[in-house]
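Structure first, then comments.
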Amino acid sequence: MYGSRHSVLVAAFLLVTTTGRNEALPIALTEPDVVAAASDAGRPMGPAPATQYVLLLQSFDRNFAPFDTFVNVFRSGLSRRSSNPIVFLEISVQASATDEREHEDQLLRYVQAAIATHPPSLVVTVGGPAALFVQKHRRELGPSMPTLFAAVDHRFVDTNRLDQHETAVVVDHNPVLLVNNIVRVLPDVRNILVVVGGSPLDQFWKKEMQREFEVFANRLTFTWADQYSFDELLQRASALPPHWAILYTLFAVDSIAGPYGQEQALAEMHRVAKAPIFGFHTPQFGRGIVGGPLMPIEDVGRAATDVALRILSGESPTAIRTPLFGTAPPVFDWRELRRWGIGETALPPGSTVQFRGPTVWQQYAREIAAVTVVVFVLTVLVVMLVVNHFKRRRAERLLRESESRFRLFADSAPVMIWMSDANQRRIDFNRPWLSFTGRTLAVEYGAGWTIGVHPDDKEACINAFADAFDRHEPLEIEYRLRRADGEYRWIHDCATPRTAPDGSFAGYIGSASDITEQKAAKLMLVDFNHMLLEAQETERTRIARELHDDFSQRVAGLTMLLHRVTERLGEGRDWTRVTLSEVCHQFSAVTREISALSRRLHPPVLGLLGLAKAAASYCKETSAQHNVPIQFTHANVPLALSDDVTLGLFRVLQEALGNAVKHSKAQHIQITLLGSDDHIQLDVHDDGVGFDPTRTGHAKGLGLLSMEERLRRINGVLVINSKPGSGTSLQARVALAARRTSLSQSLYAQEARSPASSISERR
């Protein structure tokens, strides 16, 4: 479908980028834009029209000039004029220069997937690179798919070789015509700075222009901007001597691969340029170029819209042929002509001049009209000012009274109150706060209040306030604040955002309370709970030892004695032998029950063989006792675990298995015990009836509370996932690196060790 020259350029065009980043850009696919056709009032109700998909393959991203103007005209025109709802799918073929083949293959697969998901009624390519991509992969994308090559130069599409499913709206860029326009308007010009970038597309046009500009070899000297970075180009343009002109063509990236939007780059160039700027296409007009014969991009977009409507209506693409679009009649910017001293007599015949400056009347018509009513306006203003003056004085008096009442209320409150502005500076404190800290309002103002915060809490406290200010959300925080007598006291600080009359964020208002005694009471309660557990374990150990060393030994001795008596009885006393055998059997059963009770109270194997083997033994025993399959696995469980961790996890296992076999009606139980360098984890899962953890409330069972308290004691956490009919999963996780120290240490030392000593919690 295209010549050898086009096949060479496809690979280069697929690497065009306007970002300058090293990573590969993702394929640009806009969200489908479904546009309903214009409503037809009064038309009888009927079946909804079928949605038509139009695939837009763009050479660059959607904001790349001048194709952005073309796409906007095409999309709005097609959506407005089509009798069917239109869904636009936009895909860009541009990519960063990383892997040419990989990007092209990825793009092809993506387009194939998009076509397979939503078969398009029409494929529209925008620009040369997109047209070359479709021509190269025509067979893979579907030979019979209606295709419109739009806004493409004739150098990229041979209209004589299009098949029956293809048509094109082709343009003819004529750089020689643009240079002739410059020479006519500026007869003294000797040098032209050609603004062209360093992308593959820029370089293609540079070679084309170099070839065509050979006709000016004896008349003009051309300097090419692709050798400069954009900053160097601006410096070059700002220092051009007389007899120079600038031809702004296409500028995707500069010499160091920096991307620049067309409008931004042209505006910067116009701001510093010391020579007139001439452009290529109509979207540049009015943005700093002098003017001339320009490519009418808007007309090209409207022509492409007409062709697309005909194809979507069922007309064969091969029957649609549009003439080659050339440049429009010359048009010039009056402001630029005046800036560079170009007379209108030097313009080509048939030229149009726009943006003419206003006449004296037009320039000052508004001011003249305003003078005629100034007396009336001044009179009204004076009356309004007098009325406003009295209203303002009354409002100020009411405001002072309101502030006085608020100050009295704040100073009488039994809590410490503060207020901040929107810049995180505290601007007011009530009397209880100042009395607590023993400092004046001037010292506390701004960030001065933080000097009283405990050094260990200051950073977390400031970060919490800053985070709340950024989010404009309520704040709760606890930290230590130095009282006037030098003692640090725990403070619970609550703050709420406040707003100005216009609804804007104005800062925070907060209240603080001394909670030192409450925290001490809470820690005493925790100590008491821990002591209860320790006492329970001590008592269990004592009972187990007595059962094993005393009662079990006694019963075993009695059992042996009865066995000897049984062996010595004669044959005539069979009933006595049977009776004594039954007694021996019962004594043996009692012995086994006492041993089992001893192991449950404090299993001796736990200290001898470690947690893993003790857990395995207990699972086997429970499975046999309750006739429930229990699968136990373990890995990397350290032997050298501390006694409290070993015992705590074993008790959690006992409680979890007891709940599973007694209450869940489980048919299968799976237990996993895993260890690592910094933690050990116990997972218990059953397929029983399950329960709703959110509805336990105050009725939470003693077993769950016991497990939570045991794990809290050894720096562990308990997570339970369950719902009715789906079984129960329990996970106990204990950190081995950070162990709690003794609970008998002081209140402040224990609170300072925990990261929660100074944290904020949003409500």
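For the stretch 433-482, the set of residues classified as touching a His at 6+ places or on another chain (Cβ under 9 Å) and either among the charged types (D, E, K, R) or free of Cβ contacts under 8 Å to residues at least 40 places away in the same chain (or both) consists of Glu476, Glu478, Arg480, Arg482, listed by residue number. Of the listed requirements (1) out of contact with any Phe, Trp or Tyr (no Cβ under 8 Å at 6 or more places or on another chain); (2) free of Cβ contacts under 8 Å to residues at least 60 places away in the same chain; (3) part of a helix (DSSP H, G or I); (4) within 11 Å of Ala615 (Cα to Cα), Phe632 misses just one: (3). Taking every residue in the stretch 180-197 that is in contact (Cβ under 8 Å) with a residue 40 or more places away in the chain and surrounded by 15 or more Cβ atoms within 10 Å (Cβ to Cβ) and pairing it with any residue that is in a strand (DSSP E or B) and among the aliphatic types (A, V, I, L, M), at least 6 positions away or on another chain, the pairs with Cβ-Cβ distances below 6 Å are Ile182/Ala245; Leu186/Ala245; Val189/Ala245; Ile192/Ala245; Ile192/Leu247; Leu193/Ile246; Val194/Leu247; Gly197/Val253. Of all the residues in the stretch 454-474, those that are surrounded by 14 or more Cβ atoms within 10 Å (Cβ to Cβ) and in contact with a strand residue (DSSP E or B) (Cβ under 6 Å, 6 or more places away or on another chain) number 6. Inclusion of Leu107 among residues that are of a type outside the set (Val, Ile, Thr), buried (at least 23 other Cβ atoms within 10 Å of the Cβ) and assigned to a helix (DSSP H, G or I) is not warranted. Please verify whether Ala556 is surrounded by 13 or more Cβ atoms within 10 Å (Cβ to Cβ), modelled with pLDDT of 70 or more and not charged (D, E, K, R), treating the condition exactly as stated. Yes. When Leu347 is tested against (1) over 51 Å from the mean Cα position of the chain (by Cα); (2) of a type outside the set (Val, Ile, Thr); (3) over 21 Å from Gln284 (Cβ atoms), exactly one condition is not met: (3).
Considering every residue within the stretch 121-139, establish whether at least one is loosely packed, with under 14 Cβ neighbours inside 10 Å and not basic (Lys, Arg). The answer is no, given that none of the residues of the stretch 121-139 is loosely packed, with under 14 Cβ neighbours inside 10 Å and not basic (Lys, Arg). Listed by first and then second residue, the pairs linking a residue in the stretch 483-497 that is more than 20 Å from Met419 (Cα to Cα) to a residue that is small (Gly, Ala, Ser) and outside any strand (DSSP E or B), with Cβ atoms under 7 Å apart and 6 or more places separating them unless they lie on different chains, are Ala484/Gly438. Within the stretch 229-253, the set of residues being touching a residue at least 60 places away in the same chain (Cβ under 8 Å) and among the hydrophobic types (A, V, I, L, M, F, W, C) comprises Ala245, Leu247, Ala252, Val253.
The values are calculated or read from the model by the stated rules, or taken from the named source; none is laboratory data. These figures come from a predicted structure and were not determined experimentally. Cβ atoms come from the backbone with ideal geometry, glycine included; neighbour counts cover every protein chain shown.
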